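One structure is given here, and the rest of the page talks about it.
All of the numbers you see were taken from the coordinates with simple rules; none came from a lab. These numbers come from a predicted model, not from an experiment. Glycine gets a Cβ as well: all are built from the backbone with ideal geometry, and neighbour counts include every protein chain shown.
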Amino acid sequence: MSATYFKYIILGGGVAAGYAAREFASLGLCPGELAIISKEAVAPYERPALSKAYLFPEGAARLPGFHTCVGSGGERLPPEWYGEKGIELILNTLIVKVDLAQKTLESSSGNIFKCGTLIIATGATFIKLTDFGVQGADAKGIYYLREIDDADALIEGIHEKPGGKAVIVGGGYIGLELAADLIINKLDVTMVYPEPWCMPRLFTAEIAAFYEGYYQSKGVKIVKGTVATGFESDASGHVNLVKLKDGRELSADIVVVGVGARPLVSLFKGQLEEEKGGIKVDSFFQTSVSGVYAVGDVATFPLKLYNENRRVEHVDHARKSAIQAVQHIKATEEGKSIPEYDYLPYFYSRSFDLSWQFYGDNVGDSVVFGQTDPSVPKAKFGAYWIKDEKVVGAFLENGTPDENKAIAKVARLQPTVESKEALCASGLDFASKIT
């Protein structure tokens, strides 16, 4: 079978693909040069919406409202935009074989694609409980969330079990955001996670105590220090019971699992260099294979600020890494150069009427300041992380745009501090004085 040739192919149809397409278009693109190949049925969209407004019972977000690139305040790119720019959207297409040396891709239906430059933007997928052989984990009514089809299935499950009992397995981003969504949908919600507090990869015990207290005030029940070891189902095969390692059992009409993700790199095994679970790239997101780039969740890149290689799973990095790769591709074609990627790690979350942002690195000692009583309306508090007498990370709940910019500057500039006590006393004033 003859191959369909494109000058550029983006493999993957998530956030990174949409931002890369916009950058290609802005830098000059001839019709027919670029194709996006995605196993999803829709044009690239802002994936974070799925665990937020998409699940709201009223005023829910729906496409085309959150196609990229609205998540960063840019222009929305509906399917028609790609056609207008001469970009081929090849949807509902699963690539099952890739030859990076030849830059050929083969789909499950046998179609062959070939390109001059390939951008790998395959992202990550959820880790399933069936991967660990958890008994009954393949029952109906157990949901995961990564793509719009997953969200649609969860919405259908919510509608089928109005006022039912929901169990969230996992206490990270997905667990916390979905617990809020299900409470808003008037379900009886219990969260289960093995750690001593929620979001342990970022939160300190004191920060976590605020969010756990707030969630409990909204009706979320929290079970910590144990894991789900099995599920039971009714005669129709629908989950109705969650068994925990500590012996407890929880009735369940809906189970939502958020226990982590893994980068989708299996197609490329043995063909390029890997590091820390991802595809090793340079500061321009070039892989070890000429003409092949990797961006977003799959890329292990030089984090210049900390002089180390790191893989980051977050929408902000997906957007910015895609733009960096495209700029390098086009600059190279023109015999020009661009600056190295200099990323400041950034994470955020919104749930109920809470909204926090974090910048930098959460290593070293932490200092919490402000109002951490979850019963106080619109409580504002934050934290700094100190390493080698420098502030390397900053967190803020309920910050204004200017305040969030201020803590970002702190994390970027890494100012020195005299003492943790002085830093705690100054709180946000410390950030506002950094120039």
Sorted by Cβ neighbour density within 10 Å, fewest at the top, the residues Arg47, Arg262, Arg62: Arg62, Arg262, Arg47
Taking 1 over the mean of 1/r across every pair of different Cα atoms in the chain, what Kirkwood radius in Å do you get? 23.2
Per-peptide average of other Cβ atoms within 10 Å, ordering 155-165, 18-28, 291-301, 345-355 highest first: 291-301, 18-28, 345-355, 155-165
Given Cβ point charges of +1 (Lys, Arg) and -1 (Asp, Glu) and nothing else, what value in debye, to the nearest 20, does the dipole of the chain about its Cα centre take? 260
For region 324-332, in order, what is each residue's ³J(HN,Hα) by Karplus, 6.51 cos²θ - 1.76 cosθ + 1.60 with θ = phi - 60°, in whole Hz (x at glycine and Pro)? 4, 4, 5, 4, 5, 4, 5, 5, 4
Among 86-93, 6-13, how do they line up from the highest to the lowest mean number of other beta-carbon atoms within 10 Å? 6-13, 86-93
With T = 37 °C, eta = 0.692 mPa s and Kirkwood Rh from C-alpha pairs, the Stokes-Einstein D of region 10-153 in µm²/s is about 197
Lys/Arg Cβ at +1, Asp/Glu Cβ at -1, dipole of region 353-432 taken about the Cα centre: which of Pro401, Tyr384, Gln414 is farthest positive-ward? Pro401
How long, wide and thick is region 81-131, going by the Cα atoms along their three principal axes, in whole angstroms, largest first? 42, 30, 21
Could you bin all the Cα-Cα distances of region 322-435 into 10 Å bins starting at 0 and give me the percent of pairs in each, rounded to whole numbers? 14, 39, 24, 15, 7, 1
Which residue, Ala153, Ala325, Val265, has the largest displacement toward the positive end of the dipole of the chain when charges sit on each Cβ (Lys, Arg +1; Asp, Glu -1)? Ala325
Within the under-14-Å Cβ sphere about Asn92, not counting Asn92, Lys/Arg +1 and Asp/Glu -1 give a net charge of -3
Pairs of Cα atoms under 8 Å, at least six residues apart: use those to get the relative contact order of region 80-211, whole percent. 12
Quick one: dipole size for region 99-232, taken about the Cα centre, charges +1 on Lys/Arg Cβ and -1 on Asp/Glu Cβ, in debye to the nearest 20. 200
Using the alpha-carbon centroid of each, what span in Å lies between region 209-240 and region 262-279? 34
Are any of the pairs Lys276/Lys330; Lys128/Lys390; Lys39/Lys378; Lys276/Lys320; Lys378/Lys433; Lys128/Lys330 more than 30 Å apart by Cα-Cα distance, and if so, which? Lys128/Lys390; Lys39/Lys378; Lys128/Lys330
Of the candidates Ile10, Phe126, Gly225, the farthest towards the positive dipole end of the chain (Lys/Arg Cβ +1, Asp/Glu Cβ -1, centred on the Cα centre) is Ile10
Debye, to nearest 20: dipole size of region 353-432, +1 on Lys, Arg Cβ, -1 on Asp, Glu Cβ: 200
In this model, which of Lys280/Lys387; Lys7/Lys280; Lys165/Lys218; Lys103/Lys269; Lys7/Lys85 are farther than 18 Å apart at the alpha-carbon? Lys280/Lys387; Lys7/Lys280
Quick numbers on region 129-259, Rg and Dmax over C-alpha atoms in Å, give 13.9, 44
Where a Cα-Cα gap under 17 Å defines reach, which lysines qualify for Lys161, not counting those fewer than 8 residues away within the same chain? Lys140, Lys186
Under 25 °C and 0.890 mPa s, how fast does region 87-183 diffuse according to Stokes-Einstein, given a Kirkwood radius computed over C-alpha pairs? Answer in µm²/s, whole number. 146
